[in-house]
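Undergrad: One structure coming up, written as structure tokens, with questions to follow.
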Amino acid sequence: MATLQRDLAQLMQAQGEQGPYVSIFMAVSPYESGIDGDKGRFRGLIQQAKANFKTRYPEKNWTTYQAEFETVLQTRALGNNGAKSVAIIAGSEQILVYPLNITVANVVHVGDNLYLLPVIENDQFNLDYDLLKLSRTEMDLWRVQDGLAQKVDLPNEAPKTSEQALGTELTSGKMRWTSSGGNGGVHGQDLKTRTQENDHQKYFQIVDNFIYKNYSKAQQHRLVLMATTENQSIFRKISKNNYLLKDTTVTKLPAKLDQGVINQLVLGINQKLSQDVMTILATQVDQARSAKKYLDDLSDIISRTTEGGVATLFVAKDATVPGIMDLKQNLDLRSPAAKANNLLNDLSVATLALGGQVYVLPADELPADTPAIAVLRGVNQA
């Protein structure tokens, strides 16, 4: 969620004083033929945003917001790399566009605060990593970022094949078959097998060193290995890469690896990583309860959020609590604007702005009838 926090800080800094912010969320078509339809819906949402803006802020200038939305309309497509939806968040001086991997309703939010709950939900389990496909004769690499996979264009010096990597060191292809008589003699077949194993290990060592130096360590990317069970075992015994994930693997290699197949593999990996994070978060909540650093009373959560004491905020998906807490942590629960606003969003923005974490979870993951819970600072975070 570091990207979201950085963008949030930049937008707030550019805005200076609080709001207004205009946020448009809409589903987008995955097909080229849907681009015109997407832009038509976006124009309709802009008009809705304009009407809401002029009603709530009659003294403010809409022109700069309109100009920012027009720049987005000039892009070829609103989606990106198979995104299901898009979030377009505008301040008076800057606009941010987020492709989303979740499906959202077409909706407009206009207010003194950013509306980020769908973006938080989208980003919370987008755990970036590299995916290495490895056999005894070749390798390929994909970069998975924001839940989407893109094949890495490896440089010429990369050990793309064992023949390229080992060169004159490749012994198995040139081994002469010999046989010695008598018991205990070494047969050519055994020797050939042994030298092939040596070649495989040498190749895996070269791949391990290359990936670690140029990707894992250099870019601090975690690594998921896609290889047969046997090759997984050999590679892991050799590997010195501490970014290689131990419990997340792909051992079934499809015969054809096109983008669609890779997307399905990545979806499975992402679900596994998300489950791992959820397990860690559940432990964190249990520790918070034991340490008396757990809150499920909304009034207490509001108070501790304004003090900067919330380390992790968990919000129930689709939950709404009327109220406004602006970027200066002023609280309003009674005005007409407050009754039309979702306080849970404002608490989330404040938590992020003060360096905390926020997760949007299904309601059944939280205690019954509880729209939010919080873990206070002092408990190990996920």
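The values are calculated or read from the model by the stated rules, or taken from the named source; none is laboratory data. Here the structure is a predicted model, which is why all the values come from computation and not from measurement. Cβ placement follows ideal geometry from the backbone for every residue including glycine, while neighbour counts extend to all protein chains displayed. SASA here: full protein model, heavy atoms, side chains in, ligands and nucleic acids out. Shrake-Rupley method; radii C 1.70, N 1.55, O 1.52, S 1.80 Å.
Undergrad: Could you name the lysines in cross-link range of Lys160, using Cα to Cα under 16 Å and dropping any fewer than eight places away on the same chain?
TA: In chain and number order, the partners are Lys133, Lys151, Lys202, Lys213.
Undergrad: Quick check on the range 292-381: of the DSSP beta bridges with both residues there, what percent are antiparallel, nearest 5%?
TA: Once the DSSP bridges in the range 292-381 are tallied, antiparallel ones form about 65 percent.
Undergrad: Follow-up question, since we're still on this one. Where in the range 224-264 is the amide nitrogen less than 18 Å from a point lying 7 Å along the Cα-to-Cβ axis of Lys213?
TA: Residues 238-244 fall inside that zone.
Undergrad: Sticking with this structure for a sec: I'd like the accessible area for Asp318, computed on protein heavy atoms only with a 1.4 Å probe and all protein chains in place. Round to 10 Å², please.
TA: Counting only protein heavy atoms, Asp318 exposes about 140 Å² to solvent.
Undergrad: Once R0 is set to 22 Å, what does the formula 1/(1 + (r/R0)^6) return for the Cβ-Cβ distance between Ser33 and Asn263, expressed as a FRET efficiency to the nearest 0.05? The partial results should precede the final answer.
TA: Working: r = 20 Å, r/R0 = 0.91.
In this case the efficiency is close to 0.65.
Undergrad: Would you please calculate the Kirkwood hydrodynamic radius of the chain over all C-alpha pairs and express it in Å, rounded to one decimal? Don't skip to the answer; put the middle values down first.
TA: Details: mean 1/r = 0.0415 Å⁻¹.
Hydrodynamic radius (Kirkwood, Cα only) of the chain equals 24.1 Å.
Undergrad: Putting +1 on Lys and Arg Cβ atoms and -1 on Asp and Glu Cβ atoms, find which of Asn231, Gln201, Val28 reaches farthest to the positive end of the dipole of the chain.
TA: Gln201
Undergrad: Could you tell me which chymotrypsin sites (Phe, Trp or Tyr not before Pro) in the range 29-60 are loop residues by DSSP with no more than 13 other beta carbons within 10 angstrom of their beta carbon?
TA: In loop regions of the range 29-60 (DSSP not H, G, I, E or B), the sparsely surrounded chymotrypsin sites (Phe, Trp or Tyr not before Pro) are Tyr31.
Undergrad: Same structure, new question: List the longest stretch of the chain that has no exposed loop site; here a site is one of the GluC sites (Glu not before Pro) assigned by DSSP to anything other than H, G, I, E or B, with at most 16 other Cβ within 10 Å. Provide the component values of the computation, followed by the final result.
TA: On the way: sites that count: Glu17, Glu59, Glu93, Glu157, Glu307.
In short, 158-306.
Undergrad: I've got another one for you. Comparing Ala51, Ala319, Ala255, which has the greatest mean-square fluctuation in the GNM of the chain with Cα pairs linked when under 10 Å apart?
TA: Top of the fluctuation ranking is Ala255.
Undergrad: Taking the dipole about the Cα centre of the chain, with the C-beta of Lys and Arg at +1 and of Asp and Glu at -1, give me whichever of Asn263, Leu78, Ala338 is farthest to the positive side.
TA: Farthest along the dipole direction, towards plus: Asn263.
Undergrad: Can you find, among Leu354, Ser299, Thr312, the residue farthest towards the positive end of the dipole of the range 292-381? Put +1 on the C-beta of Lys and Arg, -1 on that of Asp and Glu.
TA: My answer, from the dipole projection, is Leu354.
Undergrad: For the chain, what relative contact order do you get, as a whole percent, if you take Cα pairs closer than 8 Å and at least 6 residues apart?
TA: Reported as a whole number, the value is 15 percent.
Undergrad: Nearest 5 is fine: what % of DSSP beta bridges in the chain come out antiparallel, could you say?
TA: Antiparallel bridges make up about 75 percent of those DSSP assigns within the chain.
Undergrad: Asp297 versus Asn198, label points 7 Å from Cα toward the beta carbon: distance in nm?
TA: 7.3 nm
Undergrad: Further question: Might you report the magnitude of the Cβ-based charge dipole of the range 16-117 about its Cα centre, with Lys and Arg at +1 and Asp and Glu at -1, to the nearest 20 debye?
TA: Approximately 260 debye in magnitude.
Undergrad: Could you tell me which trypsin sites (Lys or Arg not before Pro) in the range 274-304 are loop residues by DSSP with no more than 15 other beta carbons within 10 angstrom of their beta carbon?
TA: Lys292
Undergrad: Oh, and also: How long are the three semi-axes of the equivalent ellipsoid of the range 292-381, in whole Å, if each is the root of 5 times an eigenvalue of the C-alpha gyration tensor, listed from largest down?
TA: So the three semi-axes of the range 292-381 are 20, 16, 10 Å.
Undergrad: Normalised by the residues of the range 292-381, what does the relative contact order come to in percent, with Cα pairs under 8 Å and at least six apart? Spell out each step's value before the answer.
TA: Numbers: 158 pairs, mean separation 41.9, N = 90.
That works out to 47 percent.
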